[in-house]
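Step one of this worksheet: look at the structure below.
The values are calculated or read from the model by the stated rules, or taken from the named source; none is laboratory data. As the structure is a computational prediction, the values presented were derived from the model and not from experiment. Cβ atoms come from the backbone with ideal geometry, glycine included; neighbour counts cover every protein chain shown.
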Amino acid sequence: MLAYRDGDATAFDRLYERHRGGVFRYLLRQCRDAAIAEELFQDVWMNLIRARAGYAVQAKFATWLYRIAHNRLMDHFRGRPGLTVSLDEETAVLPPETEAPRADRPETQAEIREQAARLLALLEALPSGQREAFLLQQEAGLSVEAIAEATGVSRETAKSRLRYAVAKLRLGMQDQGCRHE
Amino acid sequence: MSEPVTDPLRDPQLEAAYRAGSAELPLPRLDERIRAAARREAGSGPRALGVPPRWRAPFAMAAVLVLSLGLVLILRDQGADRLDGPPLASTETTPRPAAADPVPPAPPAAASASPSAPQEEKASSQRKAPLPPAPVAAAETPAAAPARIESAAVAAPAAEGRSPEAAAPAPRALMRAPAAPAADVARAASVAAVPPWQDLQDKPAEQWRLRILELWRAQRVAEAEALEAEFRKRFPEERLPEWKQP
């Protein structure tokens, strides 16, 4: 990003190539509408391009990028009064810690696809804050601290959301018989 | 079977399943649009306007001041040419030259038969107008000038002489009189031209958030939205304040 800030356009291409998929999927899974996700995606990158002159290294680039994406997403939700997004859904009962499943591998590609589809359905059912934490971990590779920074919450909150998300997804996959024979 | 330690924050199988189902990408045309914008921005040099960000605000303020001053001068010039606008009330508190005060002597003209009245008038005129009359007025109105400068003993003739040409000094008086309204207009214009974030130029994002909240609380929606838009431009990585209607 520093190279791009100083006028190297190819540096942007490299950054964009590395993060375009992750940012797009993060937005897509959060807003659940491809057209809106595209619009937000474009806004995020345009904001980044506009802000390049003032860029200073204060955090990992990915943290900064996803913070922009998170803010744009929040702006989008705020502009839609009918759509309420609750980011604090830790009132749900956390499922008990489950034993780590053995690493049995799916036997066929069809089974892999089926598991992926189930996981995405479970992910969609998660509360927004938990889903976001999981997506930031998976798509951006952010640590708990970076997730907290990108979403503007405390480290404990971010950790709690991520823990709930993983536990619920794990439980959901087990319930559907994907993880245990 | 050994029981591996469960990491509550990571699950390799979940991650593998997620990756297997995550292949969505933005459309190529979107990619092209963004890349083109990035190239344009990068190709336009360090800054699109060639002005470093820290100088933008001073430049903007200077431009506002220059425009305001220009507006004031234009309005003053226009006011000097107008004869139908005597908003003198606001300038009565400041002493003005005698040449700019053609109206007050007129009523005593009827009572000028008494010689004491003009003397009092002269005295008060001298008290009120310590500055000498402008030579322009004297040159343009040979009859009116003596009416103010010369002795009050000739007040009656002076009043008679002034009446046909009393309008002559008026333009000069109006050149001063409209200054106050013009200044008001210019001030209002400059206030309107000043963005709500003018005093926040170098302030941290937290100050901006507080101002945005204040504006929302005061239901100054347009300003709040303008400030939010500017905030978003300046601090894309910062969050907007959460504001809920009470």
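Which ones in segment B:10-36 are over 28 Å from A:Ala9 (Cβ atoms) and not acidic (Asp, Glu)?
B:Arg10, B:Pro12, B:Gln13, B:Leu14, B:Ala16, B:Ala17, B:Tyr18, B:Arg19, B:Ala20, B:Gly21, B:Ser22
Would segment A:97-114 turn up any residue that is facing another protein chain (nearest Cβ under 8 Å), at pLDDT below 90 and part of a helix (DSSP H, G or I)?
Within segment A:97-114, one or more residues are facing another protein chain (nearest Cβ under 8 Å), at pLDDT below 90 and part of a helix (DSSP H, G or I).
Name the residues in segment A:1-33 that are touching a residue at least 12 places away in the same chain (Cβ under 8 Å) and loosely packed, with under 15 Cβ neighbours inside 10 Å, would you?
Correct list: A:Leu2, A:Arg32.
Taking segment A:126-156, which residues are touching a residue at least 40 places away in the same chain (Cβ under 8 Å) and part of a helix (DSSP H, G or I)?
Let us first name the residues in segment A:126-156 that are touching a residue at least 40 places away in the same chain (Cβ under 8 Å), namely A:126-132, A:135-136, A:139-142, A:146, A:149-153.
Matches in segment A:126-156: A:Ser128, A:Gly129, A:Gln130, A:Arg131, A:Glu132, A:Leu135, A:Leu136, A:Glu139, A:Ala146, A:Glu149, A:Ala150, A:Thr151.
Taking the condition in a helix (DSSP H, G or I), modelled with pLDDT of 55 or more and surrounded by 13 or more Cβ atoms within 10 Å (Cβ to Cβ), does B:Leu174 pass?
No, not satisfied.
With (1) more than 24 Å from A:Ile147 (Cβ to Cβ); (2) not in a helix (DSSP H, G or I) as the list, and A:Phe12 as the residue in question, which single condition is left unmet?
So A:Phe12 meets the others, but not (2).
Looking only at segment A:41-63, count how many residues are within 13 Å of A:Leu15 (Cβ to Cβ) and either among the acidic types (Asp, Glu) or surrounded by 22 or more Cβ atoms within 10 Å (Cβ to Cβ) (or both).
So the count comes out to 3.
Is there any pair with a first residue in segment B:6-17 that is at the interface with chain A (Cβ under 7 Å from one of its Cβ atoms) and a second that is among the polar types (S, T, N, Q) and surrounded by 15 or more Cβ atoms within 10 Å (Cβ to Cβ) whose Cβ atoms are under 6 Å apart and which are 6 or more apart or on different chains, and what are they?
Between residues of segment B:6-17 that are at the interface with chain A (Cβ under 7 Å from one of its Cβ atoms) and residues that are among the polar types (S, T, N, Q) and surrounded by 15 or more Cβ atoms within 10 Å (Cβ to Cβ), the close pairs are B:Ala17/A:Gln115.
Please find, within segment A:133-175, the residue that is nearest to the chain's Cα centre (by Cα) out of those that are within 8 Å of another protein chain (Cβ to nearest Cβ) and more than 17 Å from A:Leu123 (Cβ to Cβ).
A:Val144
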